[in-house]
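The values are calculated or read from the model by the stated rules, or taken from the named source; none is laboratory data. The structure presented is a predicted model; accordingly, all values stated were derived computationally and were not measured. Here the Cβ positions follow ideal geometry from the backbone for every residue, glycine too, while neighbour counts run over all protein chains shown.
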């Protein structure tokens, strides 16, 4: 088998390279307290899209920091409580078409699909962060003296807030929640499961936002991770602040949240992934202590993984 990262036996025990801040737990306790104090201010607007099995809405809420955040909401036309699904999209993209949520709706799921702040959907991103806004959400706020200003802190909190909103819907059974996504969406699905303990099943595909220092050392600082390389080139060209930088990024490194996950996890990883290297993904996976399974694609990279959509559907439908 071609190897572009660690051998599979080493991947299964790899624990990550990026530093974990000493006050990581306090940081996220404070973040969740901020979220608890944040009014949702939910607005439901009937969508232009219509179908026979669901009522469809544009949903808006106010996230931490005041940004108005959008999600698609599809509610099945049934007269009893059913499960709820949270769907998260890849970096720079958007929540996708309405019709690709209908398979879950047909199984009785109420579905909310987030549009991440300031990316390809209509969600607002008010900003207000010190430091560069040149390119890349991944490093937005890293130069602000206040670590609470990291943009991805607010985006991870958006996932938990959306789960809170979904559980408050009268048609949703709050004990039957799932989270799904790929790449950035895979990271957000895992973060949602870490920050919202009521998530019962989580199905991430090749999650982003894991083990930043390992990604850098593998020279994978391109594509979604390009902003890390740009930050060093422009603001620390001799890497005099390298330790400080990666430690601060540790606040939003998904691997550090994984011990909080209670959900059953089904994850997919392509061993030829050069965008989100397999080792970075395993750094997160290996810290999950709940029931879990990882599906390996030896010859695939950061691309469509044949059959995993069906596996995900079968995994979550029994929640």
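Some points to look at:
- Qualifying residue in the stretch 239-256 (condition: at pLDDT below 95 and either surrounded by fewer than 23 Cβ atoms within 10 Å (Cβ to Cβ) or touching a strand residue (DSSP E or B) at 6+ places or on another chain (Cβ under 7 Å) (or both)): no
- Yes/no for residue 311 being under 21 Å from residue 89 (Cα atoms) and either surrounded by fewer than 21 Cβ atoms within 10 Å (Cβ to Cβ) or over 16 Å from the mean Cα position of the chain (by Cα) (or both): yes
- Scanning the stretch 1-41 for residues that are loosely packed, with under 14 Cβ neighbours inside 10 Å and touching a strand residue (DSSP E or B) at 6+ places or on another chain (Cβ under 6 Å) gives a single hit, 41.
- Scan of the stretch 125-171 for residues that are touching a residue at least 60 places away in the same chain (Cβ under 8 Å), out of contact with any strand residue (DSSP E or B) (no Cβ under 8 Å at 6 or more places or on another chain), under 17 Å from residue 35 (Cβ atoms) and surrounded by 15 or more Cβ atoms within 10 Å (Cβ to Cβ), ordered by number: 147, 148, 150, 152, 153, 154, 156, 157, 160, 164
- Segments classed as strands (runs of 3 or more DSSP E), wholly inside the stretch 11-119, with at least 3 members that are touching a residue at least 40 places away in the same chain (Cβ under 8 Å): 54-62, 68-76, 82-88, 110-115
- Restricting the stretch 75-100 to residues that are within 19 Å of residue 318 (Cα to Cα) and crowded, with 23+ Cβ neighbours inside 10 Å, the residue that is farthest from the chain's Cα centre (by Cα) is 83.
- So residue 175, is it over 27 Å from residue 303 (Cβ atoms) and more than 14 Å from the chain's Cα centre (by Cα): yes
- For the stretch 122-172, residues that are closer than 15 Å to residue 40 by Cα and in a loop (DSSP other than H, G, I, E, B) total 4.
- The set of residues in the stretch 42-68 that are buried (at least 18 other Cβ atoms within 10 Å of the Cβ) and in contact with a strand residue (DSSP E or B) (Cβ under 9 Å, 6 or more places away or on another chain) comprises 54, 56, 57, 59, 60, 61, 63.
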